[in-house]
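Enquirer: Got a structure for you, questions after.
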Amino acid sequence: MNISPVVFDEEADISEYATFSHGLYIGGQWRPSSDGRVIEVFDPSTEAVIAAVPDATPADAAAAVNAAAKAAAGWRETAPRKRSEILRRCFELMTERAETLAALISLENGKALRDARGEVAYAAEFFRWNAEEAVRISGEFGLAPSGANRIVVDYQPIGICVLVTPWNFPAAMATRKIAPALAAGCTVILKPASETPLTAYALAALYEDAGVPPGVINVLTTSNPGPLTAAMLADPRVRKLSFTGSTGVGRVLLAEAARHVISCSMELGGNAPFIVFDDADLEAALDGAMIAKMRNAGEACTAANRLYVQAGIHDAFAEGLRKRMAALQIGPGIDAETECGPMITRKAVEKIDRLVKDAVHRGARILCGGAVADAKGYFYPPTVLCDVPPTAEMAHQEIFGPVAPIMRFDDEAEVIARANDTEYGLAAYIYTRDLAKGMRVASRIESGMIALNRGLMSDPAAPFGGVKQSGLGREGGQKHGISEFLEAKYIAVTI
Ligand code: NAP
């Protein structure tokens with residue numbers, strides 16, 4: 001197999017990058033998997049194979065842990081200012097290479113180029129933000145209540161971290177973990193999703209260019225993640241698991257981590273309510289709904305999954321949303337005009353189709369979309385449904401696609417109860433001109449994040465994360481994100 005790191009040349013055709021067979025990135029070296037097997041990578045717009053990457057084995061995972069362990073002491077002892085400068089350089093290089101990275105994301109994930117550009121900017125911000133956090137890790141100093149001694153608290157890097165990420169934001173979900181982990185002084189092993197490995201490897205080459213020392217970041221792709229992560233978590237040198245993905249896989253990994261008493265951060269699935277009160281600004285609510293629903297063609301954990309619209313504004317909102325959704329340009333993400341790219345896999349399209357058919361069977365009406373075209377590529381059309389009953393399956397699980405189910409409600413207490421009628425609690429959206437009502441409802445919704453009169457809440461400077469089955473811990477924000485990678489050490493001292 002030809003092992004070449006990604007080489008960036010802004011003038012080159014992006015398809016060139018996809019033809020590389022990248023190596024596993026271990027200890028600053030690109031290498032094939034120990035058994036020489038590869039995973040094929042597909043373009044979801046055409047179903048064509050665009051690349052092959054190594055299929056790591058547990059032996060490769062052991063090599064990655066060894067590399068992370070070898071680099072650990074040097075990295076934790078690197079001055080925070082120096083770590084900060086390297087992270088800042090990662091931000092600058094990501095910004096310089098934004099167009100190439102965005103095209104690569106579009107190619108392997110399918111998302112519209114404009115969404116991919118947004119993702120690169122968001123992903124890069126985690127480096128800038130954590131470059132600033134790296135030099136602000138402070139401890140505590142105080143007198144014990146007894147007066148006998150001083151209490152000194154030092155925050156130290158937690159140790160080697162295993163990071164597992166999904167395909168829907170192949171750059172941002174990785175940098176949201178890597179940047180704070182490195183800022184804290186930890187070394188990491190990233191296991192990206194098998195559908196979108198090219199972005200992870202392109203970023204590995206970028207980290208090297210930014211001056212990240214060998215072994216500080218290692219990247220492994222595999223088609224069989226269970227044994228690989230189990231092998232890493234069983235290694236006593238690994239002290240942290242940070243996972244972003246589905247609640248089902250999160251539960252499996254939490255159980256595995258519990259066997260070895262490993263600290264876990266879990267960013268899991270969502271089922272976000274999008275609530276529009278009668279007094280909302282209709283145009284603003286429609287703009288917000290299009291962002292909350294259609295960013296990444298609905299393939300986002302924060303995607304509006306249930307649109308609760310109050311009776312007085314319901315018909316105008318439904319018609320406005322139908323018009324906007326029906327007008328969206330569908331096509332390969334890489335095409336500049338595309339507004340809604342393909343889904344990640346055929347299986348994803350089949351799931352969306354099944355959920356729509358179930359809702360219609362239970363009484364929902366299709367306002368637009370709702371049928372899979374018989375063509376190449378994993379496309380599902382932007383779809384609006386109304387009169388979706390609470391019993392519909394899509395009211396209880398992630399649609400993860402461009403389908404907006406509208407449900408009518410009458411009063412505040414009713415919509416709060418319905419919004420909370422889910423095992424998830426990641427994100428929620430509220431539209432009202434009455435700020436007091438908005439804040440009151442926000443405080444009663446069981447969710448880690450609320451967007452009030454906004455369609456977007458993700459921000460590296462704010463704590464991202466969920467309650468209930470949507471996860472444990474926070475990423476980003478002042479102190480929150482970095483503290484997931486730090487351990488408090490208490491020293492009692494008499495002076
Ligand atoms: P997924 O199936 O749970 O996979 C996520 C990652 O876990 C992938 O790297 C996957 O590898 C790996 N994995 C799968 N099974 C595993 C196992 N048994 N042991 C160890 N690793 C395993 O999720 P996805 O379909 O990629 O992503 C969509 C989900 O992520 C949605 O539920 C979405 O809500 C959630 N998400 C949450 C957030 C958040 O911040 N809360 C953000 C983005 C996405 P393979 O690719 O090889 O299967």
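Please treat every number below as a calculation from the coordinates, not as lab data. These numbers come from a predicted model, not from an experiment. Every residue, glycine among them, receives a Cβ derived from its backbone with ideal geometry; neighbour counts consider all protein chains shown.
Enquirer: If the stretch 426-480 were replaced by its equivalent ellipsoid, with semi-axes equal to the square roots of 5 times the Cα gyration tensor eigenvalues, what would those be, largest first, whole Å? Numbers along the way, then the final one.
Expert: Values: eigenvalues 86, 34, 16 Å².
Equivalent-ellipsoid dimensions as semi-axes: 21, 13, 9 Å.
Enquirer: Considering the dipole of the chain built from charges on the beta carbon (Lys and Arg +1, Asp and Glu -1) around the Cα centre, which of Ser265, Ser470, Phe169 is farthest to its positive end?
Expert: Ser265
Enquirer: Once phi is turned into ³J(HN,Hα) by the Karplus curve 6.51 cos²θ - 1.76 cosθ + 1.60 with θ = phi - 60°, what whole-Hz value does each residue of the stretch 297-306 show in order, with x for glycine and proline?
Expert: Each residue of the stretch 297-306 in turn: 6, x, 8, 9, 5, 8, 4, 4, 9, 9 Hz.
Enquirer: Could you tell me what percent of the DSSP beta bridges with both partners in the stretch 63-207 are antiparallel, to the nearest 5? Kindly include the intermediate steps, with their values, before the conclusion.
Expert: Working: 4 of 8 bridges.
Taking every DSSP beta bridge with both residues in the stretch 63-207, the antiparallel ones total about 50 percent.
Enquirer: Still on this model: Divide by every residue of the chain the summed helix terms, -39500 (n - 2.57) for each DSSP H run of at least 4, and state the resulting mean residue ellipticity at 222 nm, rounded to the nearest 500 deg cm²/dmol. If you can, show how the numbers build up before the last one.
Expert: Numbers: 15 runs with 191 residues, N = 495.
Helix-only estimate at 222 nm: -12000 deg cm²/dmol.
Enquirer: Dipole magnitude of the stretch 335-427 about its Cα centre, charges +1 at Lys/Arg Cβ and -1 at Asp/Glu Cβ only, in debye to the nearest 20? Don't skip to the end; give the middle numbers.
Expert: Working: 10 positive and 16 negative charges, 93 e Å.
Value, rounded to 20: 440 debye.
Enquirer: Going by amide H atoms built from the backbone, whose H comes under 5 Å of the H on Arg37, apart from near neighbours?
Expert: Result for Arg37 returns Asp55.
Enquirer: Please enumerate, by chain and number, the lysines with C-alpha under 18 Å from the C-alpha of Lys70, excluding those fewer than 8 residues away in the same chain.
Expert: Qualifying lysines at Cα under 18 Å: Lys240.
Enquirer: How many times 2.2 N^0.38 Å is the alpha carbon radius of gyration of the stretch 272-460? If you can, show how the numbers build up before the last one.
Expert: On the way: Rg = 15.5 Å, N = 189, 2.2 N^0.38 = 16.1 Å.
The reported ratio for this selection is 0.96.
Enquirer: Of the listed peptides 237-246, 278-287, what is their order by residue-averaged count of other C-beta atoms within 10 Å, with the highest listed first? Display every interim value, and only then the final one.
Expert: Values: 237-246: 22.0, 278-287: 16.6.
Per-residue Cβ counts within 10 Å, averaged per peptide and sorted highest first, yield 237-246, 278-287.
Enquirer: Taking amide H atoms as placed 1.01 Å from N in the peptide plane, list the residues 5 or more away in sequence, or in a different chain, whose amide H sits under 5 Å from that of Ala461.
Expert: Gly477
Enquirer: Separate question: Going by amide H atoms built from the backbone, whose H comes under 5 Å of the H on Val276, apart from near neighbours?
Expert: HN-HN under 5 Å from Val276: Tyr308, Val309, Gln310, Tyr431.
Enquirer: Mind scanning Lys82/Lys489; Lys191/Lys357; Lys323/Lys347; Lys191/Lys468; Lys293/Lys437; Lys82/Lys111 and naming the pairs with a C-alpha gap bigger than 30 Å?
Expert: Details: Lys82/Lys489 23 Å; Lys191/Lys357 35 Å; Lys323/Lys347 28 Å; Lys191/Lys468 25 Å; Lys293/Lys437 23 Å; Lys82/Lys111 35 Å.
Flagged as over cut-off: Lys191/Lys357; Lys82/Lys111.
Enquirer: What number does the chain give for Rg over Rh if you use C-alpha atoms and the Kirkwood radius? Intermediate values should be presented prior to the final figure.
Expert: Working: Rg = 23.0 Å, Rh = 23.3 Å.
That ratio is 0.99, to two decimals.
Enquirer: Whole angstrom only: what separates the Cα centroid of the stretch 121-151 from the Cα centroid of the stretch 425-490?
Expert: One Cα centre to the other: 21 Å.
Enquirer: Specify the inter-centroid distance of the stretch 327-373 and the stretch 62-87, based on alpha-carbon positions, in whole Å.
Expert: About 44 Å separates the Cα centre of the stretch 327-373 from the one of the stretch 62-87.
Enquirer: Mind giving me the nanometre distance, one decimal, between the label points for Lys347 and Glu85, set 7 Å out from Cα along Cα→Cβ?
Expert: 4.6
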